[in-house]
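See structure below.
Each reported figure results from applying straightforward, stated rules to the coordinates on display, with no laboratory input. As the structure is a computational prediction, the values presented were derived from the model and not from experiment. Don't worry about glycine lacking a Cβ; one is built from the backbone with ideal geometry, like all the others, and counts go over all protein chains shown.
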Amino acid sequence: MLLSMWTSILVELKPVDAIRALADLGWPALEFSTEHLVNVEQADDPEAAANEVREVVEELGLFMSQAHLLLGGNVAAADDEVRERDLATFERHIDLCARMGVEVGVIHPGGDRPATLEEERAERARRIEGFSRLAGFAAERGFALAVENMCDRERAARGALGQRTYGSTIPELHELIDAVGAPNMGICLDVGHGNVQGLDMAESIRQCGRRLIATHIQDNDGTRDQHLAPPRGTIDWKAGIGALRDLDYEGIFNLEVPGERGLPPELMLPRIAAIHATTTWLLKCEEEGNP
């Protein structure tokens, strides 16, 4: 289980510059962020830009197994034009990720706020149809999709499911994957989202089981999605890391911590180095059985 950082901790840098900077700070693995994926997509020659990323990752001996596909993309949007646009962008991102040597794409379960049971059923059908299309497209490229758990952050929003965000529990993700029936679909567990949702990290990992193929590691105080580095919040990291080891999880322990950004440039690199040291200590303590 390799320690990893998502590249948008240095979002202001070009993709290859961010990769080199993180390698210099000792990170052995990376998640390629949506923002940097869009940078590649919008390059004058996207294929050449993707090839350059792959070459730099290989040159530095890094492991970059996962990327975050279009952030905000909606597989199940009620608007046909929006849904088709987003599905086409997801396919483009999958293509570029495969070219970069990435194996897993993190993707949100999508959806709007259905107001009636009829709308909720229609949304469910669109979601299954959309993921079936993307899973088939990804399979042709040897690529897997990791559906990320959400959390019910918009407490004032009401709809057919009450104050709910689809995909905020692990059983919902299993139901979606079962309905699609694609072997190249799994789960990305965002442990911070789970904490906001009131889910125990260790139990969530056990519920994911062998379908856990990606992680978003972050911390918060349980009230909102703060995306802090561990152990700055209330998550039980000892139990959670122990559950990952019990599962023999072979993916990356990937930090997604935009809550740590915002420092002046001259302070950001030392902060990232400190996060690396703290998280390395955290993993080592659990391995050695220390409190």
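Close amide H contacts of residue 252 (hydrogens built in the peptide plane, cut-off under 5 Å, sequence separation of 5 or more or a different chain): 215. Eigenvalues of the alpha-carbon gyration tensor of the stretch 1-106, scaled by 5 and square-rooted, set the equivalent ellipsoid semi-axes at 25, 14, 12 angstrom, largest first. Spin-label pair residue 234-residue 48: with each label point 7 Å from Cα along the Cα-Cβ axis, the two points sit 5.2 nm from one another. A straight chain from residue 78 to residue 284 at 0.36 nm per residue would run longer than the Cα-Cα distance by 69.5 nm. Ranking of 3, 267, 71 by neighbouring Cβ atoms within 10 Å, starting from the fewest: 267, 71, 3. Taking 7 Å steps out from each Cα toward its Cβ at residue 117 and residue 203 produces label points 2.9 nm apart. Computed over the chain, the per-residue total of -39500 (n - 2.57) for DSSP H runs of n ≥ 4 gives a 222 nm mean residue ellipticity of -15000 deg cm²/dmol, rounded to 500.
Here the relative contact order of the chain, from alpha carbon pairs under 8 Å that lie six or more residues apart, stands at 16 percent. In the set (i) 6, 24, 26, 20, 13, 6, 3, 1, 0; (ii) 6, 29, 36, 23, 5, 0; (iii) 6, 25, 32, 21, 10, 5, 2, 0, 0, the label that goes with P(r) over Cα pairs in 10 Å bins from 0, in percent computed for this structure is (ii). Applying the Karplus relation 6.51 cos²θ - 1.76 cosθ + 1.60 with θ = phi - 60° to the stretch 123-140 yields 3J(HN,Hα) values of 5, 4, 5, 5, 5, 5, 4, x, 5, 4, 4, 5, 5, x, 4, 5, 4, 5 Hz, where x marks Gly and Pro. Here's how it looks for residue 187: its modeled amide H is under 5 Å from those of 147, 212, 213, 214, which are all 5 or more places away or on a different chain.
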